[in-house]
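Here is the structure we will look at.
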Amino acid sequence: MFQQILVPLDGSERAKNALFVAARIAQATHGSLHVIKVIDPVPELGWSKIALEQEVMSKELNSMQNAVRVPDLTGIPVASEILTGQPAEQILAAAQRYQSDIIVLCSHGYTGIDRWVMGSVAQKVAFHSPIPVFVLHKNTFLYQLLRAQKSRPARIMVPLDGSVLAESSIKPAAHLCAALSAPESGILQFTHIIQCPNNIEAGEDNSATKALEKETAMAKAYLQEIEKRIHEGELASLHLRTASTIAHEADVATMLEHIARHGEHANGEGVCDAIVMATHGRSGIKRWLLGSVTERILSTARIPLLIIRPEQV
């Protein structure tokens with residue numbers, strides 16, 4: 001599924017982590033990488049502009065070629081290109097030109113992409129791209145997982161609210177999980193958050209408590225059906241393991257991030273390596289606004305996030 005992989009770099013060392021993650025995906029899918037760097041246009045300087053532009057482009061291209069000349073990329077087809085203009089627009093245009101299947105970028109470098117997330121460029125890419133965008137962070141267990149000599153399977157969280165649009169993230173999540181876990185069998189963790197006031201959790205409202213119990217039972221049955229689809233449907237060939245989590249919290253984004261980073265239990269069991277989300281879903285067992293939830297996780301969380309747009313369904 002993820003064979004044509006676009007990797008935007010900003011020249012920082014930390015951003016190069018995206019190359020390593022993209023390489024692991026490419027190895028598993030027998031794919032290839034298109035590595036790009038977007039720089040500012042050379043200013044108008046009269047007759048010297050052409051010569052200066054050629055010098056700058058040549059320097060940047062040499063730097064990029066050195067960046068991709070690493071053992072992690074051995075045997076993987078890699079094409080490099082320097083582009084000029086507005087970063088978000090150029091990245092999206094490159095993805096279309098290369099017919100990319102996924103964009104992999106690091107959100108916290110020393111320059112560039114770190115500024116993009118806090119500003120608007122990375123969010124523009126994530127929420128306007130017609131293909132999945134995998135946003136990485138500087139401090140994440142994912143790098144440790146992939147670089148470990150004795151690997152363990154990746155655990156990928158898939159938040160679901162019962163809607164078809166939210167479920168559009170399941171297939172990309174399954175393929176990402178399989179790629180990052182290879183040759184092990186990865187784990188998909190389906191997570192449903194039931195929004196409720198704190199007084200219900202405390203048992204102060206009997207009628208509301210009964211309603212919550214009913215909704216929890218419905219959510220449990222729903223997630224069991226989702227797991228069954230994974231093991232018996234078109235994704236069964238990926239040989240993934242599955243798990244389900246149901247939690248009660250008024251703040252969906254905060255709870256999702258907490259479970260992903262710290263696990264479902266106090267002992268840290270169930271810590272996730274990444275989250276895969278559609279940008280919104282508004283029907284089903286419980287109505288979330290996944291667009292706003294996804295935006296909050298992208299802006300504040302420090303866990304890799306694969307973003308799927310509804311138009312990709």
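Step by step: first the residues of the stretch 229-251, then only those that are within 17 Å of Val164 (Cβ to Cβ) and out of contact with any strand residue (DSSP E or B) (no Cβ under 8 Å at 6 or more places or on another chain), then the one that is surrounded by the fewest Cβ atoms within 10 Å (Cβ to Cβ). Which residue is that?
Selected residue: Glu234.
Here's the yes/no breakdown for (1) aromatic (Phe, Trp, Tyr); (2) outside the structural domain of Asp10 (by TED's automatic domain parsing); (3) surrounded by 15 or more Cβ atoms within 10 Å (Cβ to Cβ):
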site: Lys59; (1), (2), (3): no, no, no
site: Ser63; (1), (2), (3): no, no, no
site: Val70; (1), (2), (3): no, no, no
site: Ala88; (1), (2), (3): no, no, yes
site: Tyr98; (1), (2), (3): yes, no, yes
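Tell me which residues, restricted to the stretch 183-211, are modelled with pLDDT of 90 or more and buried (at least 18 other Cβ atoms within 10 Å of the Cβ).
Matches in the stretch 183-211: Gly186, Ile187, Leu188, Gln189, Phe190, Thr191, His192, Ile193, Ile194.
Among the listed residues Ser63, Ser48, identify the single one that is under 14 Å from Lys37 (Cβ atoms), over 25 Å from the mean Cα position of the chain (by Cα) and either modelled with pLDDT under 90 or β-branched (Val, Ile, Thr) (or both).
Exactly one of Ser63, Ser48 is under 14 Å from Lys37 (Cβ atoms), over 25 Å from the mean Cα position of the chain (by Cα) and either modelled with pLDDT under 90 or β-branched (Val, Ile, Thr) (or both), namely Ser63.
Check Ala15, Ala79 and return the single one that is modelled with pLDDT under 85 and more than 30 Å from Leu235 (Cα to Cα).
The conditions single out Ala15.
If His175 satisfies every condition in (1) modelled with pLDDT of 95 or more; (2) not assigned by TED's automatic domain parsing to the domain that holds His258 but one, which is the exception?
With (1) modelled with pLDDT of 95 or more; (2) not assigned by TED's automatic domain parsing to the domain that holds His258 applied to His175, the lone miss is (2).
Among the candidates Val21, Val35, Val104, which residue alone is at pLDDT 85 or above, in a helix (DSSP H, G or I) and outside the structural domain of Ala173 (by TED's automatic domain parsing)?
Val21
Of the residues that sit in the stretch 266-291 and are within 17 Å of the chain's Cα centre (by Cα) and modelled with pLDDT under 75, which one is nearest to Ile193 (Cα to Cα)?
Leu290
Going by the conditions given, is Val42 in contact with a helix residue (DSSP H, G or I) (Cβ under 7 Å, 6 or more places away or on another chain), assigned to a loop (DSSP other than H, G, I, E, B), at pLDDT below 95 and over 11 Å from Ala67 (Cα atoms)?
yes
Tell me, which helices (runs of 4 or more DSSP H) wholly within the stretch 151-258 include 1 or more residues that are acidic (Asp, Glu)?
164-167, 198-201, 206-232
The values are calculated or read from the model by the stated rules, or taken from the named source; none is laboratory data. Owing to the predicted nature of the structure, the values given are computational and were not obtained by experimental measurement. As a convention, Cβ positions derive from the backbone with ideal geometry for all residues, glycine included, and neighbour counts pool all protein chains shown.
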